[in-house]
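The values are calculated or read from the model by the stated rules, or taken from the named source; none is laboratory data. Values in this document were obtained by computation on a predicted structure and should not be read as measured data. Please note: Cβ atoms are built from the backbone with ideal geometry, for glycine as well, and neighbour counts cover all protein chains shown.
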Amino acid sequence: MCLRSCKFEYLHVPISDMEGVDLISQLPAALNFIDAAIAKGGVVLVHCMMGISRSASTCIAYLMWKERLSFERAAEKVYVARPFISPNPGFVLQLREWERGGMDFAAWKGWSRQRATQSRPLG
C-alpha cells in the first residue's frame, strides 16, 4: 500500500451542491488542475460527497472544455462511466448556458438563484 510512498496532489473546490451556486466560476482552477495532472501522466480522481452531482458536473465540464464536446455528448460519456450521475438542475442549466457562450470563462456573467429561476423553462 502506498500511503506514504505515493505523492498525491489535491485541489479542494469549495462548492455546495445547490442550484443557485455558481459552478462555472469555480471551473477554471479545477479544469486546469485536471489538465495539468493528465499532461504529466498523472491519474485524476474527481469526487464529491455522493459522487453524483458536483463531481459529475466537473467531469462533464472537463470533457466539454478539453474535447470541445456538447453538454449532451459529454454527459453521455460520463454517464457511460458512471450510470448513476445526476447533476443538479442548476449545474445542468449553467453548463448548457456556458456551452451556448462558447465555453468562454471570460464571458461568464456569474450565476445566482434568480438566474437559475429565469433560465428554467416553464411548464
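Given the residues G20, G51, which is the only one that is in contact with a Gly (Cβ under 7 Å, 6 or more places away or on another chain), modelled with pLDDT under 95 and among the small types (G, A, S)?
Details: G51 fails: in contact with a Gly (Cβ under 7 Å, 6 or more places away or on another chain).
Unique residue meeting the criteria: G20.
Could we say that M103 is at positive phi, in a loop (DSSP other than H, G, I, E, B) and touching a residue at least 12 places away in the same chain (Cβ under 8 Å) here? Break it down into steps so the answer makes sense when it comes.
Details: at positive phi: yes; in a loop (DSSP other than H, G, I, E, B): yes; touching a residue at least 12 places away in the same chain (Cβ under 8 Å): yes.
When the stated conditions are applied, M103 passes them.
I'm told W65 meets every condition in (1) exposed (fewer than 13 other Cβ atoms within 10 Å of the Cβ); (2) of a type outside the set (S, T, Y); (3) touching a helix residue (DSSP H, G or I) at 6+ places or on another chain (Cβ under 7 Å) except one. Can you identify the failing condition by its number?
(1)
Any residue in segment 21-42 that is closer than 10 Å to L11 by Cβ sitting within a Cβ distance under 6 Å of a residue that is part of a helix (DSSP H, G or I) and of a type outside the set (A, V, I, L, M)? List the pairs, counting only those 6 or more apart or interchain.
A30/T58; I34/Y62
Given the residues I15, I24, which is the only one that is closer than 20 Å to E67 by Cα and surrounded by 15 or more Cβ atoms within 10 Å (Cβ to Cβ)? So that I can check it myself, show each step before the final result.
Working: I15 fails: closer than 20 Å to E67 by Cα.
Just a single option satisfies the conditions, and that option is I24.
State all residues of segment 84-100 that are surrounded by fewer than 12 Cβ atoms within 10 Å (Cβ to Cβ) and in a helix (DSSP H, G or I); if no residue qualifies, say none.
R100, the sole residue that qualifies.
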